[in-house]
């Protein structure tokens, strides 16, 4: 019931913001690492997000990355795309990114021209920024054990920011 209410409120906010009339061909990119346990992406969640984003006059792209190198490459490639907002879900690659800073995720995030929100389902998965070389995410959303809820909140932030 709470999820349905959330979608109704989000849909109401988006339709009242007049976004569909003002903004066209703007992408919200979701960059996802692998999830070896429960992965809510797909099915109803993906369909609902596509509908909400399309209703806001935006285009949703999802890039599923199988390894850290691919995740870093995708974040670096964001600059070349028409991407106005990024949801970054490193998934099970967060620990690897912390152990291997030489992989370049910090540098890639430092070069990211679009605002981004980190999405996690475990408080231990948040990316750490010890040297301050790049801007922090606009928000880090962690709902322990509920990645779908983290995604919902992050998408709400993205749509609201794009409506401003």
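Of interest is the spacing of the C-alpha centroids, which for region 39-86 and region 134-164 amounts to 13 Å.
Ranked for footprinting exposure by Cβ neighbours inside 10 Å, fewest first, 66, 114 give 66, 114. Looking at the square roots a ≥ b ≥ c of the eigenvalues of the Cα gyration tensor of region 39-89, which shape do they give, rounded for a/c under 1.5, prolate if a/b is larger than b/c, or oblate? Here region 39-89 falls in the oblate category. When 120, 100 are sorted by how many other C-beta atoms sit within 10 angstrom of their C-beta, beginning with the fewest, the order is 100, 120.
Taking other C-beta atoms within 10 angstrom as a stand-in for reagent exposure, 49, 85 fall in the order 49, 85, fewest first.
All of the numbers you see were taken from the coordinates with simple rules; none came from a lab. This one's a predicted model, so the numbers in the text were calculated from it and none came from an experiment. Here the Cβ is made from the backbone with ideal geometry for all residues, glycine too, and neighbour counts use every protein chain on show.
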